[in-house]
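**Q** Below is a structure I'd like to ask you about.
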Amino acid sequence: SGYSYSQFNEHFARWRNKLKGSGKLIHKAAEKLYIDYTGKHLYITDKQTGEQQSVEVFVALLPASQYTFVEASKSQQKGDFIQSVNHALNYFGGAPKALVTDNLKSAVSKGSKYEPTLNKSLKALGLHYNTTINPTRTYAPQDKALVEGAVRLIYQHIFYPLSNQVFFDLHSLNQAIKPLLKRFNELQMKLLQTSRVKQYLEIEKALLTPLPGSPYELQEFRKAKVQKMGYVYLHQNRNYYSVPFRYIGQQVEVQYDSNQVEIYYKQERIASHKLNYRPGAYTTNKEHLSSSHKFYQQWSPDFFLNQASQKGPHLKAYIEKILAQADYPEVAYKQCLGILHLDKNYVPERIENACRLAFGQTRHSYRIIKNMLANNIDLLNTHPQHDPLISKHENIRGAAIYN
């Protein structure tokens, strides 16, 4: 009478698993570079304590030729991972169309079977080398079966010869790996009757994309808010970098490496600075300041003397007196600025005359000039002692009439 629906599904699933097939991946030359880490570790030994520290082993493989790169690194963290990728691409002498990574935390921010989220540092690496980052599917080891097979051979040809040796640092370990790796790539593969290095030279090397002039340098990415002063705070070195004042209060993205700091607002670069390693330092581009801030930044004795010289010689001489008598420059600058701003309420001639009259006094200040102008003292001294408003005529009697 046949099976029930549930029983049919059960038997069908068993049959399907028994007969499940697998496809053959055809690898095109210079199309991919498989990247992975070995499951087993190598070790370096502390000279003082004899303690062994495990290190990771990075593997990169061009699948068309099976040409392989191997390197020991401190960890699988982002900085070490990107350094190993740089070394691998330099070893191969070019970049393929895609880098096929495992779902490492140093490469993938969020795993997905269909659209994993790459971290921005790895995206920037892809742009630098003009290649694509294509992580393997999660829980799909068949996507990188070739590099998994290479790892097993590396255990045999590299790990085993090194097993009885002691290394005190990472550099000496990698130096010992190099000749073993060279011999491994030169071994003739029984099935193909050729070596990995020969296949690489014949079918892949010429097709790889040429490398840029310098290796990729790790870039870090941070979100930040522009402070009221017009600066962005970078936690890495605990210092500040200016942005144009119109972005005050906006959320921006800070991208930086060991040399440069770049600040972006909505994918547009709005500032670029050389990285400052001094904690608490303010790195400023004067073009970023508002007009009032630029004016303040220009304050100096020469600035105020130049401003005063454009208004009159007596004003300039009085400004010189104020600058010379002040113990603290900022106090003098404020007084100088106050005198220069008196032209908002008084004509330049009156200010010039007030400075002339006050020049000989023992003390010089903004308040003295302001009070002279407010009380019209400068006007009283611009005319003879008699009332200047009465012109000479025949009805004016002289002093002789009172004798």
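Rule-based calculations on the coordinates, nothing more; no lab input. Because the structure is a prediction, the values reported are computed rather than measured. Cβ atoms come from the backbone with ideal geometry, glycine included; neighbour counts cover every protein chain shown.
**Q** What does the charge count around Ile368 come to, taking other residues whose C-beta lies under 13 Å from its C-beta (Lys +1, Arg +1, Asp -1, Glu -1)?
**A** +4
**Q** Return the Cα extents of region 181-317 along principal axes one, two and three, sorted largest first, each rounded to a whole Å.
**A** 98, 32, 27
**Q** Taking amide hydrogens as modeled 1.01 Å from N in the peptide plane, which residues meet the under 5 Å criterion relative to Ser75, leaving out close sequence neighbours?
**A** Glu56
**Q** Give me the three principal axis extents of region 8-110 from the C-alpha atoms, as integers in angstrom, largest value leading.
**A** For region 8-110, the Cα spread along each principal axis is 67, 36, 27 Å.
**Q** Using a basic spin-label model with each label point 7 Å from the Cα along Cα→Cβ, how many nm lie between Leu192 and Asn371?
**A** Here the answer is 9.7 nm between the modelled labels.
**Q** Moving to a separate point now. Longer than 26 Å from Cα to Cα, which of Lys32/Lys274; Lys205/Lys274; Lys286/Lys344; Lys178/Lys274; Lys47/Lys74; Lys32/Lys266 are they? Say none if no pair is.
**A** As for pairs spanning more than 26 Å Cα to Cα, those are Lys32/Lys274; Lys205/Lys274; Lys286/Lys344; Lys178/Lys274; Lys32/Lys266.
**Q** Could you order peptides 173-182, 208-217, 95-104 by the average number of other Cβ atoms within 10 Å of their residues, highest first?
**A** Packing order, densest peptide first, comes out as 95-104, 173-182, 208-217.
**Q** Grab the beta carbon distance between Ser75 and Thr117, set R0 = 22 Å, and tell me the FRET efficiency rounded to 0.05.
**A** Details: r = 22 Å, r/R0 = 0.99.
Calculated value: 0.50.
**Q** Still on this structure, please answer the following. Positive end of the dipole of region 16-91, charges at C-beta (+1 Lys, Arg; -1 Asp, Glu), about the Cα centre: which of Asn90, Gln52, Tyr67 has its Cα farthest in that direction?
**A** Tyr67
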